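First comes the structure, then the notes that go with it.
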Amino acid sequence: MTKLINFKIIEGEEGSLVALESLKNVPFDIKRVYYIFNNKKNIKRGHHAHIKLKQLAVCVSGSCKFLLDYGKNKEIVELNNPGEGLFIDHMIWREMFDFSSDCVLMVLADSFYDEKDYIRNYEEFLKGVK
Ligand code: TYD
């Protein structure tokens with residue numbers, strides 16, 4: 001399951017602000033935050049699913065696209081708005097592509113980094129989904 005979440009944007013004379021809070025507008029307890037930037041032209045990232053990890057991706061600058069593969073069906077979602085986040089549940093294969101040169105993709109996660117939680121083989125992912 002994935003879900004687009006619209007955040008409340010606090011508009012001031014100085015500019016805009018979004019606050020992300022565990023179990024409030026973020027549907028899990030935030031344990032880790034990382035961000036992806038300086039992506040080279042025409043690259044793709046991701047190519048994996050997670051056994052347990054839940055994540056929320058926010059494109060805080062620029063734009064990028066996600067291929068979301070649920071095993072039975074797939075969809076492409078573009079993120080280009082710092083006021084929205086893409087929640088990605090566990091067991092969803094994702095590939096990220098079409099990064100704009102100014103793209104900063106911030107990801108919030110409900111666990112620390114653990115390579116054992118990754119499924120990097122697509123056939124193994126399809127077996128796991130069933
Ligand atoms: P990876 O998750 O494969 O990146 P992407 O799917 O965006 O291409 O991670 C790339 C490298 O960074 C890999 O060597 C693991 C490391 N890494 C960490 O050390 N900590 C983290 O929180 C993440 C997400 C990755």
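Just need a number here: residues in region 2-36 that are acidic (Asp, Glu) and either within 28 Å of LYS74 (Cα to Cα) or within 16 Å of the ligand (Cβ to nearest atom) (or both).
Here the count works out to 1.
Looking only at region 103-117, count how many residues are among the hydroxyl-bearing types (Ser, Thr, Tyr) and either surrounded by 15 or more Cβ atoms within 10 Å (Cβ to Cβ) or more than 10 Å from the ligand (Cβ to nearest atom) (or both).
Matching residues across region 103-117 total 1.
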Considering region 54-80, residues that are more than 11 Å from the chain's Cα centre (by Cα) and assigned to a loop (DSSP other than H, G, I, E, B), and then whichever is surrounded by the most Cβ atoms within 10 Å (Cβ to Cβ), we arrive at GLY62
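Considering every residue within region 84-98, establish whether at least one is of a type in the set (Val, Ile, Thr) and surrounded by fewer than 16 Cβ atoms within 10 Å (Cβ to Cβ). Before the answer, list the steps.
Just the residues of region 84-98 that are of a type in the set (Val, Ile, Thr), to begin with: 88, 92.
With the extra rule that they be surrounded by fewer than 16 Cβ atoms within 10 Å (Cβ to Cβ), the set shrinks to none.
For region 84-98, residues of a type in the set (Val, Ile, Thr) and surrounded by fewer than 16 Cβ atoms within 10 Å (Cβ to Cβ): absent.
Would you check which residues across region 38-53 are of a type in the set (D, E, K, R) and either under 12 Å from SER100 (Cβ atoms) or under 10 Å from the mean Cα position of the chain (by Cα) (or both) and list them? It would help to see each step written out before you state the result.
Initially, region 38-53 is screened for residues of a type in the set (D, E, K, R), giving 40-41, 44-45, 52.
Within region 38-53, LYS41 is the sole residue that qualifies.
All of the numbers you see were taken from the coordinates with simple rules; none came from a lab. Keep in mind that what you see is a predicted model, and the values were worked out from it rather than measured. Here the Cβ is made from the backbone with ideal geometry for all residues, glycine too, and neighbour counts use every protein chain on show.
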